[in-house]
Every structure is written in C-alpha cells, then in structure tokens.
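Okay, so here's the structure we're looking at.
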C-alpha cells in the first residue's frame, strides 16, 4: 500500500516535470519567433548593426533554435535564466531579490482564503436558504465577479476617505529599517528580530493587498464548499448517523466538513494559476514591488529573458502549490491512498 | 399482550416541485412485543417512508399530516426533539440498506461505531472511557461474526467487502440493545449466498436477544424466513395484512396473489421445463481464457484472470443460462462472444466463423445484439423511442416510410402502442424501457440476443411480463438467447440449458432439471440452497450443503 | 432518496422541473435581466448615449473632471468626455471580446473534450495531457506575454485569451463525455451499426449541451473580467475607443479625488460580470448540472 501511493505520487511529479518542459518550450518559441530582435532590444535603437550582430553571437542567437533551447533549459536547471536585456543583470538574481515579497503576499492570501472560505461555505450550507446563507452567497458571488483591480482600488479609496492613517502603498515604511533575513518574509523576520514596530507596519500594509488578492478565491471556494456540503448531505451515510441520533453539529462539523473539503482543495490548486495572474494587478495597485511587478515591467519593456524567467517561475509556483495540495489530499482522503492498492 | 409499536392512521405527504404527493395513506401497522413483522411492497410503495417516519429521519420536504406512532403507548410524534432522539439506537435501531454508501468514505469504520455509541451513551447518562467503549464495540462485532474486530475498526469502508460492511451495519444497530430492530432491505445489493448468511444472522440475533423486528423488503422469499405477520403495501396503502401462512397460502387480495404468482418456482409443480434444443451449435467456445493486464508506465504489471479455460456450446434456438455471482466472469464471457473484447487464449466461433476475424464487420454486429441490465442507462435520455429504434434500421439501409412502418411494427412486437414513437425515456416506466431496449435489439434482425440480467432492476410483477415477452419472441422469431443472471429460480424456468460459473470457470453445466435436481458441484448446491423460496415444499427440495463445503466455496464475508 | 420519492418524481417531466427551479430562483431572473440590459445598451449605444461624439477622440476641456451632475450623470474624464457615454460604448468592446473568444474556444474545447472522452486511449492521453499543461499556465501572465510580445491590441488579446480558454471547456466536456461514453446506450448504438460520428454528435453531444451552455454563460463573465484586467494592465483597445479596463487605469491617476473616473467604469464591468454569473448560476440550478 505504502509503495503504491508513493508510486502515484511519483507519477504526478513526473507529470509536473512534463508541464514545466512544455511550458518552457512554448515560451521559448514565443520569445524567439516574435518580431523584435532580443539583441536589438538589449542595445537600444541607437546601436549599430555590427554591435547588434556581435551581441547576437554573444547571446548565442546565431545558433540553431534546438541548440538554443537545450542550452536554455540546461542552464535554467542550474539556476541561470540569462541576463535581463534591460538592466544587464542576471534574471535569477533580480527575481530572487523580489520573490519574498510576492511569497509573503501569496501565503497571506492563501491563509485568508482557507480561513474565511471553508468555514463560510460550511455555515452557508448548514443554514441553507436562511438570511445567513443569502448574505454569504451574496458576498461570495461579489468576490467571484468583482475584478480584483476594482476591489483593490475600493480598499484604497476606503482607506483614503475613512482610515486616513492606514498605509496603502508599499511593503514597509521607508523610514523603518527592516531587518534582513533569514526568510525574507517581513512578518516572520521582524518577529525573529523582535521588531514589533516593523511587524505592525508590515502587517497593516499586507492586509489590504492580501484581501484584494484573496477575494476571488474566497468567493469561488465558498461556493464550492457550500455545494459540496449540500451534495454530501443527501448521502446515505448522513442518514445512517441521523438514524442513530448522532447530533447534527457532529455530522456537519466532523463528518461532512472533512468530506466536503476535498473538492474545494482540489479547486484551490487550479485557482493558483489565476491567483498568480491577479498578483500582477494587486502588486501594481499597491506598488508592492514584488516578483509580479517585475514581471509586468519585463513584459511591457519586452525584456524577453526576464519574461521567460517570470513565466517559468509562475509555472513552478503553480506546481509547487499543487504538490502541497496533493499531499494534503492524500492525508485527507483514504480513497486516494487505497485506490491503487486494491 | 400489548404491542410494542402501533401506527395509527398515518398520512405523510411530500412537497416536490410545488406539488403535493400523498405517499402514505392511512397506514396502520402493529408490532407485538417480540414479534417479527414484514412490510412488503414493490418500488415506490412507501415502505421505506414508513420506516423513516418511525425513526424520525424523514426528509425536510415531508409532512406528517395526521396519525400517530405509538411506542409503548406513547406517541413519538408528540415528543420533544431531545426525547425522540433519545429513542434512536436504543428503542429503535435500523439496519441500513446499501452497504457501501452507508459509511462516510473518509472516516474509519471505528470512528462511526464509536461516535454512535458515545452519543447514545451520553443521552442515556452513561459515561465511559474510549477504551471501555472499544471493548464493548469489539464484543458486538464478534456477535455479528466479525472475528477480527481490531482490523474492522481500523479499516476504511472501501477496504471491506460488501458482506462485511453489512455485518458492521448490523453491529451498529446492536450497540445498545434496542427493543425494535428495523431492517430496510438488508443485503439486497449483495450476492445471494451472502444475503442468505446475513438473513440467518439477523434471525439468530433477533431470537437470541428477544428483539422485535420490522422487516422491509420486496423479496417474498426473505419474508418467509423472517416474519410472523405480513403487511402488503401498494401505492402508500396497506392492502392486506395477516399471518405469514395465511398470506402465502390464501391471499385475499388480487394484488397479493399476483405478487406471489409472479415469483418463479425453484421446485414443485409450478416449475416449467423448457424444451432442450437439438439444432447445431451456433456459438462455440473452446478453452477460452481472458486475462486483464494493467501495465503502468513503470513498475510491475498486475494481472487478473477473469475467465479461465471455459468451453461451452450454445445451440441454435436455445436459452443458454450463464449463472454466477458478481465477479464470476459471466459478463466477460458474453463480451467475448459479442466480439467486444478479445480472448487471451482459446477460440470463440459464432456460426462456424471465428469471432476474432469477424468482429467489427457489419454482418457480425447485426448478428448478435444485447439487452442490458439497467433500463435507466440503456436508452439515451435525449433521444425519443423512434430515434433510438431508427439507428439499427437506418444502418440496415431502411429509409423513409419503410423505416417508420418498421418502427411501429417493432413496438407492436414488444406490446407497446404506436404512439410511443415520440416519447422520451423519462416518460416510460422501467418495464417499458426494457421493452424498447428489446425492440432495439430486434431491429437489427439478429440471430442471437445476449440478455444481461434484463429483469434484475425490475419488480417481480414486471419481470414476469418481460420474461413472457422474451419467450414469445424466441418462439416467433427463432432467436437464440444467452441469458446472464444470478437469479436461479428465474433461470430454472426460463432456460433450456444452464452453466454455473465460479471465479472464471464453469463448474457445472446441463439441463436445468438435471442441475437443480441433482447438483454435482458443491458450489452449485450452496448457490441453490441460498435462494430464498416462498414455500416449505421448495425449501425441502433444496440440496444440503455441509458447513465444510460452505466454507470452501462461499466468499468468506466474516473474515 | 427514498424509493417513493424517485417514483413520484418520474411523473414530473424534466422540463417542468427545470422551469420550476428557474422561476423559483429570483437571482437567476435578475441575472437574466442584467444580461439583457447590457446587450441592449451595447447594441443600441449610438442611439441612446447622451454625447455620441464623446465615444471618440473628442475633447471638452471646459468640463474636464466634472463630478457627476445632471449634465454628466457619471461625470467626465481628464479631457472632459462624458463617462456614461464611454461606459456604454465600453460594453461593446467587452461583448465583442466575449463573442470572439467563446465562438472559437467553446467549439474547440468541446470537440476535443468529446473526442478524448469517447475514444479514450492515446487520443485521451494526448488531449488530457495537453489540457493539464495548459491549466498550469497562469493565464493572465501568458496572455500578457503573448499579447505584449506581439503587439498590444484587442485582436492579440483575443487570440491570447482564446489560446488558453478552450482548456476549461475541454476539461469539462471530457468529464461528461467520458461518463456518457461508458453508458450502455452508447455501446448499444455502436452495436446497432452507428458510426463514430453519429455516436459523438447524436448520442453524446446532446447530453453535454446543458453543461456547455451553463459553462459558456459563466465564462462570458470571466472573459469580460479577464479582458478588463488585461486592458487595465495596458493591453487593450487603442485609444480613443472606449474600453472599460483602460478607463479604470486612466482614472486611477486622479484618485482619490476624482473617484467617479474609476468607479463608473469599474462598476460597469462588475455589473456585466455579475449579470452573466447570476444567470449562469441560475441555469446551473435549472439543469441541475455540475460545472
């Protein structure tokens, strides 16, 4: 049994590696076949044709495409994503510096999503068709349908008019000297260094962006949790427990909750793809200065190497999140563990 | 003696889609202290609603409009919620119907048992440690003949066999000695031999512990073993009640009589013998083995032998019965004959030609047709009867007027009126759907029809009509049937030849009279012995099975 | 469900039940009305807007940044154009995007999903493999990359969205098609001599229609949302054509004082997405399908 489930897991990982390969191939082709010469972009319009040609040789652009791709993948595996066409610095270094900011935002978002959405889904299902349900459903549909940039702007406007002291731009007050390391996550690092002033400021600044980013996921997951709960409520096993007088709250919060969290968790994995996209928007509105802002700039400036790095890393983000969710699901659902064994 | 439970003038209605459906009409029923009462009826008669009304687990859209349910003289419908809940599991206990869906799949069996016990204990004002409860649960599990309670407790529902789960469900109802045990079609989804064991177990537990029993079932054979009093229910009404012997020997109502008559006999004067066919074989299988292999991209391939070294020959015009329990390989045999899957070893020929060469050809496809078990999935819900029937006809090159006439003709052959052409499946009853499925098979003008448990999803009275139709069609059109079933009493009367399969092999084969009167293989004997019958006379004719044989051939559900 | 209820329900036709569910669901009807209003506004825009010339490159500096009043119900933008006019015209771009994307993505996704579910084997492996890869790509990032590396305009945005969108339909239809393909009636049709084409189009597809239509309605909302986000980030229609996402981006420079410049187009987007979403939800309940 043990081996079988490791085997299932290994298969998933192999699938993910395939995803990364295809993704890299797609973005590579895109970056190479488009009009616009990377060497020209790097040197700017004033450079002479000789300079551009020399640059092409230096960047390996004179090699056959297959050769270029293999070279790109093999250096990417070693952590080298090439140099930014604009700044000339290694893409890996630039991204590494900005990654913690985005990581902190995304982690806070995921925590908000799980903490708000699943209980809300359970409660709306429990009090189905009551005012609690209607309110909950209203908020979840607003979450799903409201553009995250609009929600982000509304939060800012709210702060501007009603919470005038609330900081709404950036990660940290520039007058505060933020402690560095070891995680790069301000909330964690400030606590490790005992800097509660930094923690408070960072927390305030994190709250609104995280909320804006979490909004659509909260809506989606609340809805899915609710419908999973309602679906499972009709099952015979609920009738079994009811027939023996097991109290409703135990049925709902123990038996149904666990069974009904499988579907939203699966969806949460898929949601990660759009979560990363929305991070671009939210980081822009809140001037967050993370990996997504970097990506947005790279795209707007046609910094092809940086764009490739950003897309690959976004894919990796998605994959890591899904591996984590797979592990949680394996723990939660014995059927996944037992399927191969039978 | 006072009755343990009296139901008086109970009326229950459901609100569905803005309409009121009166599902229980003035139901009256009494269960004496220590008595065994059976409530029988066909699908939709309201018997399960009755049990839910007693237990207090009616769905939200149900209304108890009038009536009383008196438990020891006190109306449970008037009780406050808490008192009524306190009766659950202690005064009334239910044995749930479907063994797989009755447990939450992501919790261990032990969790279910412990929670039920814990909350019932609490209502009774009893407190105890988890270890103490565990000991008590172990004891009950042993009582239902589950010999390794520790393993059962630690298992997830999907890790247990159907029979084992059914036993756990029985254990669940016995955690606290209830006064009344309500059994809602227990074991219906299980194989006949397992079902037989479950019934024996319930019977024994009832008599050992002096319980009262309300047995809800559609199976009259089960009733004979399990009840003293019988209530017959139809369309929400009790149409007849009486002592078991009276109901079976001299039913007063036409409906009851019809119900009893519809049941095929296993032995005795009412048994029909089908004439053995003497024509040439039309289907022949020689030493056929089918192996299913699952080969993952990496690692070891897993193999499963579904059919092992099977040889058989079906004569033209014969009704060849293939009997066996689930997983015995009978459907795999049929699919190989139809050319849907290839044999791993051996040869399959139809009409003297190897299926391997013929499969996929138009002529071969039309030669063998099939009628499926489940009327719900055998017709496309989005297509009318006419559209369904026109597919094989169009394939045969029929167009326009000729096609329309042929469709009407086919409907007439299966006793359906011509205006059914425009109906969708949801407008038809289960029996009507099966008739359309039969008409579709006939439309291809086949020589052989595979009948894959065509009546097992139908009520007995409907089954009788469908079987009569099939018999008539065979005579009129000279068809050959390959009849797959687990219903031995039906096969005894319908087949002209029968083969018994066990774990992929044919263990016995012959004319039904010979096989039933003098079964050679111990598994055949065990199988026949497990069939529930409705008369003492049939019971006496059943073969005897030693407990050693039982152990050897029956899937051990108590492991 | 009890044996009784199922039997009684057989007497109700699916059409009656669907209609009953739809009419008992006020939000579905509100959603339908919202969708109709958006479509009407977009179609009739030239006839109903107060300042038709403001849909283009007009300037009206005297009234720049005017707060909402009787002349300009939703205020004016940085060059004094009426925001109401531009919002109504903005719906045209949004709906154009919806039609353009879904007209390609839905049939393509449905066809691939249908084939994958029915044929199985390598067809299934390749199509589901491809779908899984596509789903792992952050759509906004990819669309931005594609659109911007090419040339930031509406057509490229549409292409970029379509490239990614079909996967959701493929995934959904695949799931339904696979379960339908396993039903006995499909095998029976094959045995009766039906061709693969007949089975796919006549036996399986009709059973997928309700799922596809629900998903398409919900998708309309997400395409609007997605397109607005792209144009908010600078990948939209070229000015001066009114486009809701870029109007929000423009107005953002003048926050928090000129709040109407952001809120009007922002809530217009929200209104349209909410309408399609409510309608889609209602249809889902009505057909009782899982999307």
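Tabulated data
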| read-out | value |
| --- | --- |
| Global size of the range C:5-87 as Cα Rg and Dmax, reported in angstrom | 22.3, 72 |
| Global form of the range B:326-405, assessed from the alpha-carbon gyration tensor, a/c cut-off 1.5 | oblate |
| Descending semi-axes in whole angstrom, ellipsoid equivalent of the range B:1-105, from the Cα gyration tensor | 21, 18, 16 |
| Binned Cα-Cα distances of the range A:139-278, short to long, each 5 Å bin given as a whole percent | 2, 9, 13, 13, 12, 13, 12, 10, 7, 5, 3, 1, 0 |
| Sorted by Cβ neighbour density within 10 Å, fewest at the top, the residues C:87, B:307 | C:87, B:307 |
| Cα pair count fraction exceeding 18 Å, expressed as % - the range C:167-291 | 64 |
| For the range A:14-153, convex hull of alpha carbons as volume per residue, Å³ | 190 |
| Radius, Kirkwood style, for the range A:229-342 when every pair of distinct Cα atoms is counted (Å) | 17.3 |
| Debye intensity ratio in log₁₀ form over the Cα atoms of the range B:264-417, taken at each q of 0.20 Å⁻¹ | -1.31 |
| For the range B:350-500, the fraction of alpha-carbon pairs in successive 10 Å shells from zero, as % | 11, 40, 36, 13, 1 |
| Rounded if a/c under 1.5, otherwise prolate or oblate - the range C:197-246, Cα gyration tensor axes | prolate |
| Chain B: angle of helix B:109-123 to the longest principal axis, Cα-based, in degrees nearest 10 | 30 |
| Alpha carbon centroid spacing (whole Å) that separates the range B:493-533 from the range B:100-125 | 41 |
| Alpha-carbon Rg with Dmax, taken over the range A:208-263, Å | 14.4, 48 |
| Separation in nanometres of the label points that stand 7 Å from Cα toward Cβ, at residue A:46 and residue A:68 | 2.7 |
| Computed helical MRE - 222 nm, the protein assembly as shown, DSSP H runs ≥ 4 contributing -39500 (n - 2.57), nearest 500 | -18000 deg cm²/dmol |
| Spatial separation of Cα centroids for the range C:75-147 and the range B:413-445, in angstrom | 44 |
| Fewest-first ranking of C:155, C:98, using other Cβ atoms within 10 Å as the exposure measure | C:155, C:98 |
| Relative frequency of Cα-Cα separations exceeding 42 Å in the protein assembly as shown, percent | 54 |
| From the C-alpha gyration tensor of the range B:67-139, square roots of 5λ in Å | 26, 18, 10 |
| Nearest-0.05 FRET efficiency for residue A:135 and residue A:231, computed from C-beta distance (R0 25 Å) | 0.70 |
| Per residue convex hull volume, Cα atoms of chain C, in Å³ | 167 |
| Part-to-part distance (alpha-carbon centres) for the range C:17-66 and the range C:202-281, which is given in Å | 13 |
| Descending Cα extents along the principal axes, chain B, whole Å | 75, 55, 52 |
| Area projected by the alpha carbon convex hull of chain A, averaged over all directions, nm² | 23.3 |
| The range B:245-309: Cα Rg divided by the 2.2 N^0.38 Å rule of thumb | 2.26 |
| Equivalent ellipsoid semi-axes - Cα gyration tensor, the range B:177-312, angstrom | 41, 27, 13 |
| Spread of Cα-to-Cα distances over 5 Å intervals beginning at zero, given as percent, for the range B:417-559 | 2, 8, 16, 18, 17, 14, 10, 7, 5, 2, 1, 0 |
| GNM result for chain A, Cα springs below 10 Å: residue of A:168, A:299, A:221 fluctuating most strongly | A:299 |
| Two-decimal Rg to Rh for the range B:204-276 - Kirkwood Rh, Cα set | 1.05 |
| Burial ordering of A:237, A:193, fewest other beta-carbon atoms within 10 Å first | A:193, A:237 |
| Taking all pairs of distinct alpha-carbon atoms in the range B:493-559, Kirkwood radius in angstrom | 12.8 |
| For chain A, built as a Gaussian network whose Cα springs stay under 10 Å, the top-fluctuating residue of A:248, A:80, A:201 | A:248 |
| Between helix C:154-181 and chain C: long-axis angle, C-alpha atoms, 0 to 90°, nearest 10 | 20 |
| Rounded to 10°, Cα long-axis angle of helix B:385-395 versus longest principal axis of chain B | 30 |
| Choice from C:133, C:146, C:223 showing the highest fluctuation, given a GNM over chain C with Cα pairs closer than 10 Å | C:133 |
| Bridge type composition, the protein assembly as shown - antiparallel percent by DSSP, nearest 5 | 55 |
| Gyration tensor (alpha-carbon) shape descriptor, the range A:18-66, a/c threshold 1.5 | prolate |
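Here, each number is a calculation from the coordinates, and none is a lab measurement. Since we're looking at a predicted model, the values are computed, not measured. Because the Cβ atoms are built from the backbone with ideal geometry, glycine has one as well, and the counts that use them run over all protein chains shown.
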